[in-house]
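Colleague: Attaching a single structure in structure tokens format; questions to follow.
Bear in mind these aren't lab numbers, they're just calculated from the coordinates by the rules spelled out. Everything quoted here is computed from the prediction, not taken from an experiment. When we count neighbours, we look across all protein chains shown, and the Cβ atoms used for this are built from the backbone with ideal geometry, even at glycine.
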Amino acid sequence: MKKTIILLALLLPFLKGNAQKDSTAPYLKNPTLPAFKILLPDSAHWFTQANLKKGKAVMIMVFNPDCSHCQNQAEVIAQNHKELLSEIEIVMCSYQDLQKMRGFIDKYKLGQFSNIHVGRDVNYFFTPFYNMHLFPFLAIYDKKGKLYKVFEGGIEADKIKETFQGL
């Protein structure tokens, strides 16, 4: 018994406690547009933050093509694109396979918009980076690349208009 107590006393300084573990999501530690890389639907080209047009607000949407909330969000984006979102760079990414993404792009006619970039998160970067719990997840960055606001579960058209006014 005495040997066990001595052993524990010697090992105690080397054990990390959970109380000291930082559970802050990475996007909150550094609230700027992250370096990312998504595979485009043609499966041959990549899209990164360097491909975004400079001086534009950015909306990153992490989605699942099978998610009904994500489908509703895509519909809101497509229907309100001209009025509310034509001046915003939109990056839509999913970890799902490219076949499902292509169907999603076709269904909501997202390929017709030059400022919407849809791709596959092959490195599973976004989910842990944003510490997501609900789809769709939207992160809004201002023209300087600074985090402005996040939404879990999507937003309606009126909230989109309110959010992007003045960005």
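Colleague: So, R0 is 22 Å and r is the distance between the beta-carbons of Ser68 and Tyr124; what FRET efficiency does that work out to, to 0.05?
Modeller: 0.45
Colleague: For the stretch 53-60, what does the Karplus curve 6.51 cos²θ - 1.76 cosθ + 1.60, with θ = phi - 60°, yield as ³J(HN,Hα) per residue in whole Hz, taken in order and with x for Gly and Pro?
Modeller: Whole-Hz 3J(HN,Hα) from phi for the stretch 53-60: 5, 5, x, 10, 5, 10, 10, 9.
Colleague: Sticking with this one: Modelled label-to-label distance, Lys37 and Asp106, 7 Å Cα→beta-carbon offset: nm?
Modeller: 2.9
Colleague: Also, quick follow-up: Going down the table (Lys100/Lys161; Lys37/Lys143; Lys82/Lys159; Lys29/Lys144; Lys37/Lys109; Lys109/Lys159), which pairs top 27 Å between alpha carbons?
Modeller: Listed pairs above 27 Å: Lys100/Lys161.
Colleague: For Lys53 and Tyr95, compute 0.36 nm times the residue count separating them, minus their Cα-Cα distance, and round to one decimal in nm.
Modeller: Value of the extension gain: 12.7 nm.
Colleague: Express the relative contact order of the stretch 65-167 as a whole percentage, based on alpha carbon pairs under 8 Å and six or more residues apart in sequence.
Modeller: That works out to 30 percent.
Colleague: Is the shape of the stretch 82-140 best called rounded, prolate or oblate, per the rule: a/c under 1.5 gives rounded, else a/b larger than b/c gives prolate, else oblate, with a ≥ b ≥ c the square roots of the Cα gyration tensor eigenvalues?
Modeller: oblate
Colleague: Would you indicate which of [x] 16.3; [y] 17.5; [z] 16.8 is the value of Kirkwood radius over Cα pairs in Å derived from the coordinates of this structure?
Modeller: Answer label, from the structure shown: [y].
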